[in-house]
Structure formats: structure tokens, C-alpha cells
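The values are calculated or read from the model by the stated rules, or taken from the named source; none is laboratory data. As the structure is a prediction and not an experimental result, all values here were calculated from the model. Neighbour counts run over all protein chains shown; Cβ positions are idealised from the backbone, glycine included.
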Amino acid sequence: MTHAFISYVRENSEIVDRLASELKSRGIEVWLDRESIYPGVRWKDAIHKAIQEGAYFIACFSNEFNKKQESYMRGEISLALDRLRQMPRERAWFIPVVLDEATIPYIPISDYDKLSDIETVSLSKDWNSGIEKILHAMKLDDPVYRQVVHLIDLIRYHPTERLHAVKQLVEMAGTVPALIEALRNSDEDVYQRVAEAIETYKKKITDVLWQYAPHSDFFVAPDIPGDKEKNARQALDIPRDEQVLGLIDCTFLGSAKDSLVFGTKGIYFRGVFGSEKGVCAYADAKNHFFKNSPDDEDEIVFPHGVQFSPLGSNVSTERVIRILNHVVSEVNDDDDD
């Protein structure tokens, strides 16, 4: 996540500092005006920017806040509500936190919504439980979601880390719901950056594949025949969310039911005569050098001793080996930067 903006009144500085320390200890970047506005910066502009770019807005209500008719916190809440009105209703972004026994004042959000309609977190009754509820509202009690959000932040703010972050995202099997949720809770710029980074990652693979194509029985996206891709997907149990970037048809009759497929997550394969199918994640092949089997020069040794034969293809075994080593090297080269 980028940061959680904490809005409060000065009288509550001590307890807010405790809250900020708790969140920081959980790996959450916190934005506090006393810590985050540097000399020479126009503080109003800094606050406005921090609210607009914040992953969450935590409003700390108290009796001290309610006693004040005017405060900087009221202005911050007004800015935050302007942003909240532009968000989907189901998105949890504005988190009201009650520091004592205070009640949430009447502050309208729309003609039919008010601030007190948003579920609040109380820190006065049970501090630890309240902290856990804040983390739950941010979905940061889920370690998978936290990792996905971290990777998305790398994509957004660290250009040199984007390909590495995207590769980790596509290799994190089972995290699709967390990825969708994290993207839904992000702004349009994040969608764009993630999409661009994923396309760049896929292009790294297809650029290598095109160096060896076109070739009989070897097809690269977007020029993979639909019937071959369909047959390969069914025969190799390729997940629906996996994109086929390259395909080597290893059948004698051209059905591609026996084939070698390059996806975004890894390499899927089933050799001739309906031999056992398998999948090799790119990360698993990082330190592996593909080569001929010592027992049969027409078979290729995959990680963990698995063997694959492209015998039914017009692409030679030696050429398949070169393609495999080249793709795996290109995909994993950013891990060594």
C-alpha cells in the first residue's frame, strides 16, 4: 500500500502516536502531518496530495474533536469525503476510529448517507481488538493480500522492480482473488501500470520465441491456431487464466494434444504417445540447464528429473532445448539485478 493517512486533533497526539506505531510495526506506511510535511513545502498542498494518494484514510474521533467547531481535521475530513464520494460504495477506504467514548458527529456524505453509517472501530474498549479490526478493514490481516499489495506498490512506484514484481504476481498461484481485490481498491493509475508491466513481461517471453519462429509446428502468439491452442489446453490442463504465448506441436497428425506450451507462469508439456503431462514454473527452472537425456538423445531433461520428448514435432530436439534455455534465462534475469 502507499500509506494510511491519519487525521486527528492535536489534543490526541499521544494516543495517535501509539496508533501510528502499532500500524508501522505491522508494515503499514503511515502519513502524519507532524512527520510527513518537510520544510519549504506548502502544507495545505501536501495534505491534499496525501489524502488523494492515500490507500486509506483513518479519521480519529474523540470528545476533543467534538468540542471544536473548527479544526484542521474537519477540513481533512471534507477533502476525504470528496474522494470517498467518487469511490464504489463497497470499497472500505474511510475508516472511522473512536479514541474514547465519543459519538460520531452528524456529517453528511450524500443525500442518503452520513458518516455515522460507516462501521466504526473503537480503541477505548479493547485496544488490541481495535487494531486487528483496522487491519481487517484494510485486508492486511491476510498475508497473501499484503504481499499482492506490496508487489502492486513496486509496480507503481519502482520502475526498476516492475518486471520482477509482475513475475512474482503471475507465479503466485491461488492469489487471483487477492489480486483482483487489491486492484479494485487501487486507482486507475495502478490499473494502468499493472497492465503495462504485465504486457512488458509477456513481451519478454514472446520476443524470445519469435527469434525461433516462424517454424513448422512452432507457433507464437498472436498467431497460434485456435484449434491447436484449444486441444493443448484440454490435454495439458492449462488453467483458464493462463495465457498461451507459444506452442510447439509434438503430434504426428497436428492436433497439438501432445505439445510444449509457454505460458506466463511456466512451461506446460506432454510428449508423444500420450506420455505423462507436466508443468514447470519458470522460477523452478531458474538454475536448471535443459539438455538431452543421457539415456535417450530425443528426450529433454526438465527439473526434478522429469523427461519430455518432442519427437512428433518438426522442431528438432536441439532447437527446443535452445528455446527452453533462452526463455527461462530471459524470464529470470531480473532476479539477479
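Figures for the structure shown
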item	result
Every pair of residues 6+ apart whose Cβ atoms lie under 9 Å, when the first sits in segment 67-83 and is under 12 Å from residue 93 (Cα atoms) while the second is at pLDDT 95 or above and polar (S, T, N, Q)	80/7
Qualifying residues in segment 73-97 (those that are surrounded by 13 or more Cβ atoms within 10 Å (Cβ to Cβ) and out of contact with any helix residue (DSSP H, G or I) (no Cβ under 9 Å at 6 or more places or on another chain)) - the one farthest from residue 9 (Cα to Cα)	87
Scope segment 284-337; condition of a type in the set (Gly, Ala, Ser) and exposed (fewer than 15 other Cβ atoms within 10 Å of the Cβ); matching residues	305, 316, 329
Restricting segment 34-62 to residues that are touching a Ser or Thr at 6+ places or on another chain (Cβ under 9 Å) and free of Cβ contacts under 8 Å to residues at least 24 places away in the same chain, the residue that is farthest from residue 135 (Cα to Cα)	46
Test for residue 22: is it touching a helix residue (DSSP H, G or I) at 6+ places or on another chain (Cβ under 6 Å), closer than 23 Å to residue 129 by Cβ, surrounded by fewer than 20 Cβ atoms within 10 Å (Cβ to Cβ) and assigned by TED's automatic domain parsing to the domain that holds residue 119	yes
Residue within segment 268-282 that is surrounded by 17 or more Cβ atoms within 10 Å (Cβ to Cβ), touching a residue at least 60 places away in the same chain (Cβ under 8 Å) and of a type in the set (D, E, K, R) present	no
Subset of segment 117-140 [surrounded by fewer than 16 Cβ atoms within 10 Å (Cβ to Cβ) and either among the polar types (S, T, N, Q) or at positive phi (or both)]	124, 128, 129
Tabulated pairs, segment 198-209, first closer than 11 Å to residue 167 by Cα, second not in a helix (DSSP H, G or I), C-beta under 9 angstrom, 6+ apart or interchain	198/264; 201/264; 202/221; 202/243; 202/245; 202/264
Contacts under 6 angstrom Cβ, first residue in segment 15-29 being over 24 Å from residue 147 (Cβ atoms), partner buried (at least 18 other Cβ atoms within 10 Å of the Cβ), 6 or more apart	15/99; 16/8; 16/60
Answer residue from segment 194-221, given it is of a type in the set (D, E, K, R) and not in a loop (DSSP other than H, G, I, E, B) and is modelled with the highest pLDDT among those	207
Residues satisfying the stated conditions in segment 50-72, i.e. out of contact with any Lys or Arg (no Cβ under 9 Å at 6 or more places or on another chain) and either modelled with pLDDT of 90 or more or of a type outside the set (D, E, K, R) (or both)	50, 55, 56, 58, 59, 60, 61, 62, 63, 66, 67, 69
Residue 237 surrounded by fewer than 19 Cβ atoms within 10 Å (Cβ to Cβ) and either without any contact (Cβ under 8 Å) to a residue 24 or more places away in the chain or among the hydrophobic types (A, V, I, L, M, F, W, C) (or both)	no
